[in-house]
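> Before I ask anything, let me first share the structure, which is written out below as structure tokens.
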Amino acid sequence: MDKTTGRTDDKSLFENMTVKEIVTNNFRTAAVFEKHGLDFCCRGNKLLITACEEKGINADKIIEELKTLTTQKIRNESYDEWTLDLLIDYIIQNHHSYVKEMMPIISVHTQKIASVHGTNHAEVIEREKKFAGVSQEFRQHLFKEEDILFPYIKQLVQVNSRHAKAEAPFFGTVKNPIKSMMAEHENAGDEFYEIRNLSSSYTPPEDACNTFIAAYQELKDFEEDLHKHVHLENNILFPKAIELEKRLLS
């Protein structure tokens with residue numbers, strides 16, 4: 001596969017790639033996996049064929065959709081080619097800011113729905129509790145990334161540009177906070193899997209009010225953003241940061 005365009009005419013290439021590799025090479029393919037409920041972030045290290053088999057999805061259909069998408073002449077953001085400091089700024093400005101903006105809005109809506117519709121729809125009470133838990137953990141998660149992990153990675157980039165040798169951080173190695181962040185990513189993904197199930201894949205019931213409908217769309221958008229957000233960190237930023245630190249501390 002051409003990593004610049006993400007184009008391929010060979011079905012076997014997709015078959016022999018992991019889901020995360022496909023998305024890393026061409027970020028637009030995330031839309032295909034999102035559509036079919038295939039995890040490309042926390043559990044994206046499975047071969048495409050294996051991921052499809054586990055979900056009971058026709059792999060040939062997915063491959064055809066991927067081939068159609070990757071042959072379209074639309075600009076593909078090659079995040080894998082960005083410098084780490086640029087990628088960090090992008091994540092903060094686009095994904096962290098989105099999370100900070102939407103969490104309180106969704107919380108208000110899910111709380112209102114639980115209060116008004118909980119009698120007839122018991123699942124909305126459990127969903128509200130789960131989202132509240134995710135929100136609390138995410139606030140701490142973003143703080144740890146923006147105040148500890150990301151500044152250290154940017155420091156590594158600066159040291160590398162000066163051709164200097166880095167000093168070990170107080171947390172020992174970048175692998176330690178990354179391991180913690182990835183565990184929290186996986187937990188958030190698991191919680192949203194439950195939220196999606198409690199929401200019938202974000203399909204509102206027939207008696208849904210406007211707030212009910214709005215909340216379902218907000219939750220759906222939030223989960224989709226979460227998948228892209230986690231992919232950029234787990235599959236691109238973190239592995240490169242580990243490799244850069246290893247080289248600078250050797």
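> For segment 154-169, state whether one or more residues are in a helix (DSSP H, G or I), within 22 Å of the chain's Cα centre (by Cα) and not polar (S, T, N, Q). I'd like the intermediate steps shown before the answer.
Looking only at segment 154-169, we keep the residues that are in a helix (DSSP H, G or I), and these are 154-161.
Subsequent filtering for residues that are within 22 Å of the chain's Cα centre (by Cα) retains 154.
When the remaining residues are screened for being not polar (S, T, N, Q), the result is 154.
Yes, there is a match, as at least one residue in segment 154-169 is in a helix (DSSP H, G or I), within 22 Å of the chain's Cα centre (by Cα) and not polar (S, T, N, Q).
> Quick check: is even one residue across segment 160-175 in contact with a Gly (Cβ under 9 Å, 6 or more places away or on another chain) and either modelled with pLDDT under 95 or of a type in the set (S, T, N, Q) (or both)? Break it down into steps so the answer makes sense when it comes.
First, pick out the residues of segment 160-175 that are in contact with a Gly (Cβ under 9 Å, 6 or more places away or on another chain): none.
Within segment 160-175, not a single residue is in contact with a Gly (Cβ under 9 Å, 6 or more places away or on another chain) and either modelled with pLDDT under 95 or of a type in the set (S, T, N, Q) (or both).
> Name the residues in segment 107-129 that are touching a residue at least 60 places away in the same chain (Cβ under 8 Å), crowded, with 17+ Cβ neighbours inside 10 Å and not β-branched (Val, Ile, Thr), would you?
Those that are touching a residue at least 60 places away in the same chain (Cβ under 8 Å), crowded, with 17+ Cβ neighbours inside 10 Å and not β-branched (Val, Ile, Thr): HIS109, HIS117, HIS121, ARG127.
> Check whether at least one residue in segment 30-44 is of a type in the set (Phe, Trp, Tyr), surrounded by 15 or more Cβ atoms within 10 Å (Cβ to Cβ) and either under 15 Å from HIS227 (Cβ atoms) or outside the structural domain of LEU156 (by TED's automatic domain parsing) (or both), and report yes or no. Talk me through it step by step, then tell me what you get.
Taking segment 30-44 first, the residues of a type in the set (Phe, Trp, Tyr) are 33, 40.
Among the residues that remain, those that are also surrounded by 15 or more Cβ atoms within 10 Å (Cβ to Cβ) are: 33, 40.
Filter once more, keeping what is either under 15 Å from HIS227 (Cβ atoms) or outside the structural domain of LEU156 (by TED's automatic domain parsing) (or both): 33, 40.
Yes, segment 30-44 contains a residue that is of a type in the set (Phe, Trp, Tyr), surrounded by 15 or more Cβ atoms within 10 Å (Cβ to Cβ) and either under 15 Å from HIS227 (Cβ atoms) or outside the structural domain of LEU156 (by TED's automatic domain parsing) (or both).
> Out of the residues in segment 1-54 meeting the condition of being of a type in the set (Val, Ile, Thr) and farther than 28 Å from SER201 by Cα, tell me which one is modelled with the lowest pLDDT.
Within segment 1-54, the subset of a type in the set (Val, Ile, Thr) is 4-5, 8, 18-19, 22-24, 29, 32, 49-50.
Checking which are farther than 28 Å from SER201 by Cα leaves us with 4-5, 8.
On the way: THR4: 37, THR5: 41, THR8: 43.
Here the answer is THR4.
> Mind checking whether some residue in segment 91-101 is surrounded by fewer than 15 Cβ atoms within 10 Å (Cβ to Cβ), part of a helix (DSSP H, G or I) and modelled with pLDDT under 85?
The answer is no, given that none of the residues of segment 91-101 is surrounded by fewer than 15 Cβ atoms within 10 Å (Cβ to Cβ), part of a helix (DSSP H, G or I) and modelled with pLDDT under 85.
> Does ILE88 fit the bill of being assigned by TED's automatic domain parsing to the domain that holds LYS228 and within 19 Å of GLN217 (Cβ to Cβ)? Working first, answer last.
Working: assigned by TED's automatic domain parsing to the domain that holds LYS228: yes; within 19 Å of GLN217 (Cβ to Cβ): no.
It is false that ILE88 is assigned by TED's automatic domain parsing to the domain that holds LYS228 and within 19 Å of GLN217 (Cβ to Cβ).
> Among the charged types (D, E, K, R) and either more than 22 Å from SER115 (Cα to Cα) or not assigned by TED's automatic domain parsing to the domain that holds ASN94 (or both): does that describe LYS144?
yes
The values are calculated or read from the model by the stated rules, or taken from the named source; none is laboratory data. Keep in mind that this is a model prediction, so the values were computed, not measured. Neighbour counts are summed over all protein chains in view; Cβ atoms, including those assigned to glycine, are modelled from backbone coordinates with ideal geometry.
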